[in-house]
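A short write-up of the structure that comes next.
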Amino acid sequence: YADIMKVDGYVGNFRARIRKNPRYVIAEKCTGCGECRDACPIEYPNYADMNLGVRKAISPPFGQAVPLTHTINRDYCIECYKCIDACGARQAINFDQKPEEVEVDVGAIIVSIGYDMYNPQDLEWTGYGKYLNVFTALEFERLILAAGPTGGKVVRASDGQKPHSVAFVQCVGSRDINKYEYCSSFCCMYTLKHAVMLKEKYRDAIDVYVFYNDMRSNFKGYEEFFNRAQKNGVKFIRVKLEDRRITEDPATGNLTVSAETEDGRPVSAQVEMAVLANAAIPHHTAHELAEILKIPLNKDGFFVECQPKIRPTDTEVPGIFLAGACQGLKDIPYSVAHGSAAAAQAAAVLNRGTWVVEPLVAKVNEDLCSGCRICESACGYNAISVAKVGDKDLAKVVEGLCRGCGICSSACPMDAITMPNYSDKQIVAQVQAAVEKVEKA
C-alpha cells in the first residue's frame, strides 16, 4: 500500500524513496479478525469483484490478501467510529494517519506490476455498457467463482435469472490494428476454462458457443483442454474478427451475436448472455515507473528486456529485473517461472560482495572539461553529473551507472570525454586497417 517516488543509485546500492499511504489501520496491531468490517454500516461497490458486489468502508483489499490488514476508504467512510468500538482493546484503528515518505537501501529491484484489462465500452459493436447481459471475462470469472458476489451462481444482470445459453466472443480489442495489435496470450485458455465450468456445472441445461478466429492452445496440456471442451458439448464457431456485432432484444434482454465465417457466410447465435475476452493492456503505472527506474517500454507499453530469448528478466539497468506480465503477457505457469527466475537473479546480486561492470566506462579529462553540463543532460542513465571541484565545475562519471553508450562523448563540445577502445585515433586506425585489407584483397 505504497508508491515508488524516486530511485537513485546502481546495482547493489539503490536508494528508493517510498510513500506509504495511510490505511488508517495500524498494520502491526490488526489481526484480520473482521469485527470492524462487520460493524461498519457503509457499503460501496467492490472493485475486487469488478463492482458486481459490495464491500464495507473498512475491509481488506481482497479476500485472500496477505497480510490480511484492513484499510479504511475515507471516500466512503462517514466517521461513525463503530469500527473503533468493535476493535476494542486492540486499538488498531487510527484516523490520524498521514502519508509517510521513507528511504530504503536495496541491492536489487524486481518490477512485477502486472497488467490492466481493456474496457471495451468504446467498441460499439460489443454492446458493453449498453446491454446489461454483456459481461467481460473477468466479470464472468467473479460470477462463476464460489467466493464471488453470487456464490458461484451465474445470473443475468437484467433479471437475476440463470442463462440457458452463453456466447463467448474472443479477441475483443486484441489483434486489432485500431486498438491493440498484439495477442493477449491467455484469453483462449480462460475462455476454455469458463466454457468447461459452465458445461460441467449446468450440463445439458445450457448451450455454450465460442466465437473465435484462432484457438491458441499451444502449450503443455492446452490442446487436451480444448478437446475436453469439445467433448463436453461446447460449440466452436470460427469467424473473422471484422464485422462482428452483438444486438439486444429490449423486451427480453436476450442477445444476438452475429459474425461472418472465413468463407464469408453469415453466422449468428441467439443467447441470453455474452462474455467478451477483452484485451489485456499495460498497467496504468508503467510509464511513470519506467521514467523513475529509467528502463524503456516497447511500442505497446510493456517493459523491454535485455534479450527476449536468453535474458528475458534483465533490463538495461543492472540490478533491475522484470517478472510476469509487465514484460509481456503470459499465462500463469510462465509468469511463475519468470518470477522465479527474476527472484533467483536478484538473490545472486545480493549474495555478491562486489559487482563487476563492463570496462567500457566514460572517462573525463579534467583539464579539458569546461563544466558546461551538456553531457549531464545527454546521459539517459544519470551516470554523469557536474560538481564543483575546487574553484572549477567538472563532470564526474558514476561507474556503476555508466552503460558505455558514448552519447556523452559525442555530445561534449570540448572533446573532454572519451570511451576506452573508442578514441578518435583508434577508430581511424580501425578504418585504415579495414581499407588496407580490402585493397590487398
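Since every read-out is calculated from the coordinates, none of them should be taken as a lab result. Here the structure is a predicted model, which is why all the values come from computation and not from measurement. Virtual Cβ from ideal backbone geometry, glycine too; neighbours counted across all protein chains shown.
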Once phi for every residue in segment 68-78 is put through the Karplus expression 6.51 cos²θ - 1.76 cosθ + 1.60 (θ = phi - 60°), the whole-Hz ³J(HN,Hα) values, with Gly and Pro written as x, are 7, 7, 7, 9, 9, 8, 5, 5, 10, 4, 9
Interchain or sequence-distant (5+) residues whose placed amide H lies within less than 5 Å of the amide H of G9 are R15
Long-range amide H partners of S165, meaning residues 5 or more apart or on another chain whose placed amide H is closer than 5 Å, are D207, E272, M273
For K363, the lysines lying under 18 Å Cα to Cα, once residues fewer than eight places off in the same chain are dropped, come out as K388, K392, K396, K425
What helix-only [θ] at 222 nm does the chain give? Using -39500 (n - 2.57) per DSSP H run of at least 4, over all residues, to the nearest 500, the answer is -6500 deg cm²/dmol
For the pair I84 and S258, the simple spin-label estimate (label points 7 Å beyond Cα toward Cβ) gives in nm 6.1
Amide H neighbours of I281 at under 5 Å, excluding residues fewer than 5 places away on the same chain, with H built from the backbone geometry, are D116, M117, Y118
Going residue by residue through segment 249-262, the Karplus relation 6.51 cos²θ - 1.76 cosθ + 1.60 with θ = phi - 60° gives ³J(HN,Hα) values, rounded to whole Hz and with x marking Gly or Pro, of 8, x, 5, 10, x, 6, 10, 10, 9, 10, 7, 10, 6, 5
Rounded to the nearest 5, the percent of DSSP beta bridges in the chain running antiparallel is 70
Cβ-Cβ cut-off under 13 Å around A411, Lys and Arg +1, Asp and Glu -1: the net charge is -1
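Which entries of K179/K220; K130/K220; K20/K193 have Cα-Cα distances beyond 32 Å here? Please list the in-between numbers first.
Details: K179/K220 30 Å; K130/K220 38 Å; K20/K193 38 Å.
Among K179/K220; K130/K220; K20/K193, the Cα-Cα distance tops 32 Å for K130/K220; K20/K193.
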Excluding residues fewer than 8 positions from K231 in its own chain, the aspartates and glutamates with Cα under 12 Å of it are E200
Cβ-Cβ cut-off under 10 Å around P318, Lys and Arg +1, Asp and Glu -1: the net charge is -2
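Quick check: net charge around E358, other residues with Cβ under 12 Å of its Cβ, Lys/Arg +1 and Asp/Glu -1?
Net local charge, E358 excluded: 0.
Using the Cα atoms as the points, what is the convex hull volume per residue of the chain in Å³?
It comes to 237 Å³ per residue, whole-number rounded.
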Toy charge model, Lys and Arg Cβ at +1, Asp and Glu Cβ at -1: segment 363-435 dipole around Cα centroid in debye, rounded to 20, equals 140
Treating only Lys and Arg (+1) and Asp and Glu (-1) as charged, each at its beta carbon, one finds that the chain has a dipole about its Cα centre, in Debye to the nearest 20, of 920
Beyond 18 Å, the calculated P(r) of segment 345-423 holds a percent of Cα-Cα pairs equal to 42
Full extension between K130 and E103 adds, at 0.36 nm per residue less the Cα distance, a length in nm of 5.0 nm
Phi angles of segment 115-124, converted by Karplus (6.51 cos²θ - 1.76 cosθ + 1.60, θ = phi - 60°) into ³J(HN,Hα) in whole Hz with x for Gly and Pro, give 8, 10, 10, 5, 8, x, 4, 7, 8, 4
